[in-house]
Amino acid sequence: MLFSISVLLLLGMSLGALCKKLHLPALTGMLITGIFLGPYALDLIDTSILSVSADLRRIALIIILIRAGLSLNLEDLKKVGRPAILMCFVPACFEMAGMILLAPKLLGVSLLDAAILGSVIAAVSPAVIVPNMVKLMEEGYGTKKGIPQLILAGASVDDVFVIVVFTAFTSLAAGDSVSIRSFINIPISIFLGMIAGLGIGLLLSVFFHRIHMRDTAKVILFLCISFLLVTLEDYCANVIPFASLIAVMTIGVALQQKNQALSLRLSSKFNKLWVGAEIILFVLVGATVDLRYLKSAGGTSVLLLLFVLLFRMSGVFLCLAGTDLTKKERLFCMIAYTPKATVQAAIGGIPLALGLSCGNLVLTVAVVSILLTAPLGAFCIENSYQKLLTH
């Protein structure tokens, strides 16, 4: 296990740095590290790490969402208004519609299989988007019009919506009934997550004001509360719908509103934690990629993904209609909303595990979507924001 961790971190850092030298996103090197160290290639990652891979990826996601919340200004988000709400579900719906229209023709699958495939592919990746948007907010690009805040908020809720739709489609394919309640639960879970986050954030600000402790201790307390919230969501899934990751980010927002000086210090601490968490996240995402499925993918799946991304970008364009954003700023939003990674790695194998006929195909296209859009999306964001956004 110790050998695996050392190799994972050293190679992940080295290939990440090499990719940066080549003007490619560091995550490209980390994904490649995971693919070659993973169980489907050299098999150098210990099974004890792979068995908790999903939890480690979730911890990394929690760290970056906390950092995002501590950097997110509510006043800037309020300026955006309607588009922020539309970005939570409209682009994903457009992408799913594109998949349902095109997949039967290009891949010869049924409409239901195409719908399952669309619900896997439609989720945008917070792991790629959030750190980039936090960077933009820190550097002051597009913040006057709330562009990074808009993308950040939309990406965080987008996943909740897509996973519920995916669950509904897989239930249909397995012969189970789909209740309207599961769709009603989407806004309820988001609302409850926000309320819980705001409440805990306000209590923490009072607690930190009255009880003196080191910032490192505050970080540990913040992380423990976040882990408990995520665990609570798992336990209450069938009773009370609750979006824990929204709650985690909202705690950071509440702290930022009540004590800006403290939020800056904590954000700096979480920024340091992210250095290691980022490597672990993307290397373990890469480790889920089964290279055997790429052989059967062919150029058709790549072509299909490029077409459905155009549908997604059209959805983003529609969300921004009537806003004061320039053409360049709208183009940036469309580009920034394309990367996929974590959700596809998490749910891409579920249809296969359920024994659905489309299982192999869904996993194959999920793998291709990660390898195609995560590095390409990150590259486009990193190399376009200075040209397309105002400083």
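Restricting attention to the stretch 187-215, the residues being surrounded by fewer than 16 Cβ atoms within 10 Å (Cβ to Cβ), in contact (Cβ under 8 Å) with a residue 24 or more places away in the chain and within 22 Å of the chain's Cα centre (by Cα) number 1.
Scanning the stretch 330-370 for residues being within 15 Å of the chain's Cα centre (by Cα), open to solvent by 10 Å² or more (accessible area, probe 1.4 Å), at pLDDT below 85 and more than 19 Å from A114 (Cβ to Cβ) gives a total of 3. Among the residues of this structure, P39 counts as one that is closer than 23 Å to I350 by Cα, more than 19 Å from the chain's Cα centre (by Cα) and assigned to a loop (DSSP other than H, G, I, E, B).
The set of residues in the stretch 137-152 being open to solvent by less than 20 Å² (accessible area, probe 1.4 Å), over 11 Å from the mean Cα position of the chain (by Cα) and on the phi < 0 side of the Ramachandran plot consists of I147, P148, Q149, L150, I151. Any residue at all in the stretch 57-67 that is closer than 27 Å to L229 by Cβ, of a type outside the set (D, E, K, R) and modelled with pLDDT of 90 or more? No, because not a single residue in the stretch 57-67 is closer than 27 Å to L229 by Cβ, of a type outside the set (D, E, K, R) and modelled with pLDDT of 90 or more. Note on the stretch 71-89: among residues that are touching a Leu at 6+ places or on another chain (Cβ under 6 Å) and modelled with pLDDT of 80 or more, the one that is surrounded by the fewest Cβ atoms within 10 Å (Cβ to Cβ) is A84. Comparison of A103, A114 shows that the only residue that is in contact (Cβ under 8 Å) with a residue 24 or more places away in the chain and surrounded by 19 or more Cβ atoms within 10 Å (Cβ to Cβ) is A103. Against the list (1) in contact with a Phe, Trp or Tyr (Cβ under 6 Å, 6 or more places away or on another chain); (2) within 20 Å of V365 (Cβ to Cβ); (3) at pLDDT 90 or above, the condition L291 fails is (3).
Residue count for the stretch 240-286 under the criterion of being outside any helix (DSSP H, G or I) and modelled with pLDDT of 85 or more: the result is 1.
I'd like the residue in the stretch 216-274 that is farther than 17 Å from I188 by Cα and aromatic (F, W, Y) and, out of all such residues, is surrounded by the fewest Cβ atoms within 10 Å (Cβ to Cβ). Residue satisfying both the conditions and the ranking: F227.
The values are calculated or read from the model by the stated rules, or taken from the named source; none is laboratory data. It should be emphasised that the depicted structure is a prediction, and the values quoted were computed from it without experimental measurement. Here the Cβ is made from the backbone with ideal geometry for all residues, glycine too, and neighbour counts use every protein chain on show. The protein model used for the area step is the full one, side chains on, heavy atoms only, and it has no ligands, DNA or RNA in it. Shrake-Rupley method; radii C 1.70, N 1.55, O 1.52, S 1.80 Å.
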